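For reference, the structure is listed below as structure tokens.
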Amino acid sequence: MSTWGWRSHFYGLVPLGWALQAAGHEVRVASHPSMVAPISTAGLAAVPLGADVDFAEAFSGRIGAVGDLDRPDATAAGALEPAITADGGVVRFADALLDELVAYGRQWRPDLLVWEPFNLAAPVAAAALGVPGVLNLWGPDSSVTLRLDPESVIGPLAARFGLAATDVALHGDLTLDPAPPPMQVPLAGPARPVRFVPYNGAAVLPAWLRGPAARPRVCVTAGTMMAGVGLDDRLDLSRVVRSVAELDVEVVVVVEPRQRRGLDALPANVRLADAPLALRLVLPTCAAIVQQGGAGTTMTALVHGVPQLVLPQVSDQHFNAERLAATGAGTWLAPERADGPTLRDAVGDLVGDGPARAAAALMRDRIHALPSPAEVVPALAALAARIPT
């Protein structure tokens, strides 16, 4: 397995890594040195390769609302060009990992290479090593919203190994797709459905979660990426929490340590959760969630049938919010529309026993009906052995 950039990007690979190991396969997770702790904490073997790249610096000025591919004027109002470019952060991460990834592959000689979205080093390495590749999606495929010119972006990476851009299959030989209809978009190439199994990092179950809540519980979170890259000021988390707390609910705030600043003196019905508290532990007790629109958060809430309000700030968060809205299992508010009363009323609608709850339950059932990671392992083993299925 190969992962890049940020720990939440890796989290979607973990249940599949567990399933492969449990079936007796050897699993190694190759990534930048800074990823050693998240990988090894998950019980998988980390292989630190290449150099670290500062996420915030690499994407400085390149993280924001993206324009619409179908509207040429979409970037005129300040939205970013929806593209992966040769000088962008995605390529910088690939460049820092690729050479050592291929070198390690030639030494260890894997039979299969698995990667997650926006990892460009892995598909190039699979082509260079001559092994089958698998793209493991972490939710709906947001790459369909981005332009990518293979010759300028993939070509220079592939050329290091005597390959052309056309020799590299960005979606691998197989895509594992966890998003049930109507959430998913059409995919490029062969695909198999797989059940999304939530993993959100190290977790401790506190005493207050071991019994039922006295009032409907609403989780408020801003995910891991925004604080980690210094963009947590884009969402006034204190205002969001106070607006939700105006309802007759218990608010559980799950945030990164640096997001705790400014969250003092909260209303009495607000619980500021102590880390580490994984969403997969708290969401089964919740009536609703307010979140930023990350794929992992969105899919974890769907797994537990929890109606969602998304406050998207950047790039794929907007895409995920729109795909969620298509299911009816939640809604979203643009930042400029998310004033206190509007936000409070939107959450109030979700907490009630309305259409969003029924739609969320339907999506939960659809996800649970998909094959588990363990059930797709035989197909991956056949692909690794190059046995037609």
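The values are calculated or read from the model by the stated rules, or taken from the named source; none is laboratory data. Just so you know, these numbers come straight off a predicted model, no measurement behind them. Note that each Cβ is placed from the backbone with ideal geometry, even for glycine, and that neighbours are counted across all protein chains shown. Surface accessibility is based on the protein's heavy atoms, side chains included, excluding ligands, DNA and RNA. Shrake-Rupley method; radii C 1.70, N 1.55, O 1.52, S 1.80 Å.
Descriptive notes on the structure:
- A single member of VAL144, VAL153 is under 18 Å from VAL90 (Cβ atoms), open to solvent by less than 10 Å² (accessible area, probe 1.4 Å) and within 23 Å of the chain's Cα centre (by Cα), and it is VAL153.
- Residue in the stretch 250-269 that is hydrophobic (A, V, I, L, M, F, W, C), on the phi < 0 side of the Ramachandran plot, open to solvent by 50 Å² or more (accessible area, probe 1.4 Å) and in contact (Cβ under 8 Å) with a residue 24 or more places away in the chain present: no
- Members of the stretch 340-389 that are open to solvent by 70 Å² or more (accessible area, probe 1.4 Å) and closer than 20 Å to GLU322 by Cα: ASP345, ASP349, PRO355, LEU362, ARG364, ARG366
- Being more than 30 Å from ILE289 (Cβ to Cβ) and basic (Lys, Arg) is a property that ARG160 has.
- Pairs where the first residue, in the stretch 113-131, is at positive phi and the second is assigned to a loop (DSSP other than H, G, I, E, B), C-beta under 9 Å, 6+ apart: PHE118/TRP4; PHE118/GLY5; PHE118/LEU146
- In the stretch 323-336, the residues that are within 27 Å of ASP141 (Cβ to Cβ) and not aromatic (Phe, Trp, Tyr): ARG323, LEU324, ALA325, ALA326, THR327, GLY328, ALA329, GLY330, THR331, LEU333, ALA334, PRO335
- The residue list LEU205, LEU157, LEU176 contains one member that is in contact with a strand residue (DSSP E or B) (Cβ under 7 Å, 6 or more places away or on another chain) and touching a residue at least 24 places away in the same chain (Cβ under 8 Å), which is LEU176.
- Residue within the stretch 306-314 that is closer than 21 Å to ARG215 by Cα and open to solvent by 60 Å² or more (accessible area, probe 1.4 Å) present: no
- Restricting attention to the stretch 87-137, the residues that are open to solvent by less than 10 Å² (accessible area, probe 1.4 Å) and among the small types (Gly, Ala, Ser) add up to 9.
- Listed by first and then second residue, the pairs linking a residue in the stretch 307-330 that is assigned to a loop (DSSP other than H, G, I, E, B) to a residue that is open to solvent by 20 Å² or more (accessible area, probe 1.4 Å) and of a type in the set (D, E, K, R), with Cβ atoms under 9 Å apart and 6 or more places separating them unless they lie on different chains, are PRO307/ASP349; PRO307/ARG357; PRO312/GLU322; GLN313/ARG234; VAL314/ARG234; ALA329/ARG357; ALA329/ARG364.
Okay, residues lined up against (1) modelled with pLDDT of 95 or more; (2) within 17 Å of PHE118 (Cα to Cα); (3) out of contact with any Cys (no Cβ under 6 Å at 6 or more places or on another chain):
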site: TRP6; (1), (2), (3): no, yes, yes
site: PHE10; (1), (2), (3): yes, yes, yes
site: TRP18; (1), (2), (3): yes, no, yes
site: ALA22; (1), (2), (3): yes, no, yes
site: MET35; (1), (2), (3): yes, yes, yes
site: THR41; (1), (2), (3): yes, no, yes
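- In summary, PRO206 fulfils each of the numbered conditions (1) at pLDDT below 95; (2) within 26 Å of ASP349 (Cβ to Cβ); (3) open to solvent by less than 40 Å² (accessible area, probe 1.4 Å) with the single exception of condition (2).
- Enumeration of residues in the stretch 244-259 that are in a helix (DSSP H, G or I) and modelled with pLDDT under 95: PRO257, ARG258, GLN259
- Considering only residues in the stretch 23-44 that are open to solvent by 20 Å² or more (accessible area, probe 1.4 Å) and closer than 24 Å to VAL204 by Cβ, the one that is nearest to the chain's Cα centre (by Cα) turns out to be PRO38.
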